[in-house]
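What follows is a short report on a single structure.
The values are calculated or read from the model by the stated rules, or taken from the named source; none is laboratory data. Since this is a predicted model, take the numbers as computed values, not measurements. A quick note on method: Cβ atoms are made from the backbone with ideal geometry, for glycine too, and the neighbour counts reach across all protein chains shown. What goes into the accessible areas is simple: the full protein's heavy atoms, side chains included, and nothing from ligands, DNA or RNA. Shrake-Rupley method; radii C 1.70, N 1.55, O 1.52, S 1.80 Å.
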Amino acid sequence: MILTSYIFRQTSRSVFISTCVFLGVIWLSQSFKSIKLIIEKGANLTDFFILAGFSLPSWLLIALPLGTFAGCMISYLRLQNDKEIIVMKSAGLSPLKISKPALLVALICSLILFIISHFILPETYRNFKKLQNEIRNSNQEFILKDNIFIDINKTQTIFIGKLKNSNNLEEIFIQDRTDNLYLVEYFSKRGNLNIGETINLIMIEGTRISTDKKGRSTLLNFDNYNITIQKDKKKSVAPRVVEYNEYSFFELMKKAEKNLDKRGKLLAEAHTRNTIIFMPIIFTLIVMLTILKEQYSRILISYKKTLAIGIVFVVQSLVIILKNAVHSDAFLVPLMYLFPIFILTVCFIFLYTRENIYKSSFY
């Protein structure tokens, strides 16, 4: 009991750290779109963290199985390197008993995945898409950036060379296409921006060039020139497309009965909520089968790592292939359950066989 508790603490700590690392990697790779959206729409930094918080459950569905695999491997390789596994075997512990703490951690991770996929994910992902849609369609105040051409509205474009602050500008260019008969362009060294009910730009020390359709231009130098910038009218917001992650398992099943064209995709997404709970246990068993071998050497440890990673990659690839196959043929849904159950059965048989071989050699 004390030994089981000791290995459980070591393994759970490694799984937690590994999951956090995978979450960090996923966060960095997935957050660029949110950062771009926040910058373009001028939203608050708080909105970025709220979006990340709403995305966390969907990231955990990927990070937790991989974190379980990596954490169990790190923990048991550490025990292997410290010769603790050899001592446990010498004390009469079988591979199945040594694997017990890791399997307990895997069961807890599977339970967490079940709760996330069935109860937390639909709600948080729905909130994520709602907030993302609100930010994307928000009618923000006038936003300026330096060294970028910005379409203020359908007829006015502005370029700012240097943006000292929200009111003081330098090296300003504006193209105004409001008048159908003339194309008007403004250049100035600096200017001041006043934002209220209307946006007024006071351009200082500049030039106004008016060009008609025949290409004839009129040039006017000015010390001060006041331009009124028209804001875009608020656009009508198109209805948001609801994604599969926003539906619960039973909602997906009901939609699959009504929507025959997308029945395969809906069923695949629904049953993935159930089959994903097998992954932490399968990955842990793969680690146990590759790590808990009788031989020990530095070369074999590298071989075990490579073998375990390779098997996990193949299993995960086959799971994805099966899910995509169900998109085309809904009758393949039972294979989504039979395949992980088959892998679990084979792993337990191998582990149990090894335990019996160990007992017979020990006694």
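Using the heavy atoms of the protein chains and a 1.4 angstrom probe, tell me the accessible area per residue for the chain in square angstrom. All intermediate terms of the calculation are to be shown ahead of the outcome.
Values: 20820 Å² over 363 residues.
With all protein chains present, the chain gives 57 Å² per residue.
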Please sort through the DSSP H helices of the chain and keep those with an alpha-carbon extent of at least 24 Å along the long axis and a Kyte-Doolittle average not below 1.6.
95-115
Rounded to the nearest 0.05, what FRET efficiency do Thr198 and Glu251 have when you use their Cβ-Cβ distance and R0 = 51 Å?
0.60
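How much of the accessible area of the range 81-218, probe 1.4 Å, is carbon plus sulfur, in whole percent?
On the way: 4110 of 7610 Å².
After summing per-atom areas, the C and S share lands at 54 percent.
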When only alpha-carbon atoms count, how far does the chain stretch along each of its three principal axes, as whole angstroms with the largest first?
104, 52, 34
Two pseudo-spin positions, 7 Å from Cα along C-beta at Thr345 and at Ala330, lie apart in nanometres by 2.7
Once the dipole of the chain is set up with Lys and Arg at +1 and Asp and Glu at -1 on Cβ about the Cα centre, which of Ile291, Phe119, Val319 lies farthest towards its positive end?
Ile291
Please report, largest first and rounded to whole Å, the three semi-axes of the ellipsoid equivalent to the range 38-86, where each semi-axis is the square root of five times an eigenvalue of the C-alpha gyration tensor.
41, 11, 7
Once both labels are modelled 7 Å past Cα along the beta-carbon direction, what's the Phe187-Lys305 spacing in nm?
6.2
Ignoring ligands, DNA and RNA, what percent of the 1.4 Å accessible area of the range 1-64 is carbon and sulfur?
73
Just for the Cα atoms in the range 160-218, what are the lengths along the principal axes, largest first, rounded to whole Å?
39, 25, 15
The aspartates and glutamates whose Cα lies under 13 Å from the Cα of Lys130, excluding any fewer than 8 residues away in the same chain, are Asp47, Glu243, Glu246
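Counting only helical runs of four or more DSSP H residues, what would the 222 nm mean residue ellipticity of the chain come to if each run contributes -39,500 (n - 2.57) and the total is spread over all its residues?
Taking each H run of at least 4 residues, the total per residue is -21000 deg cm²/dmol.
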So if R0 is 25 Å, what FRET efficiency would Glu171 and Asp212 give, r being the distance between their Cβ atoms, rounded to the nearest 0.05?
0.40
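For the range 1-125, report the translational diffusion coefficient in µm²/s to the nearest whole number, using Stokes-Einstein at 20 °C, 1.002 mPa s, and a Kirkwood Rh over Cα pairs. Write down the numbers at each step before the final one.
Details: Rh = 16.4 Å.
Answer, rounded: 130 µm²/s.
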What is the calculated FRET efficiency for Gln30 to Arg9, with r their C-beta to C-beta distance and R₀ = 30 Å, to the nearest 0.05?
0.45
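Determine, for each peptide in 332-345, 111-124, 215-228, the mean count of other beta carbons within 10 angstrom over its residues, then list the peptides with the highest first.
Values: 332-345: 15.5, 111-124: 17.1, 215-228: 11.6.
Highest to lowest by the protection proxy: 111-124, 332-345, 215-228.
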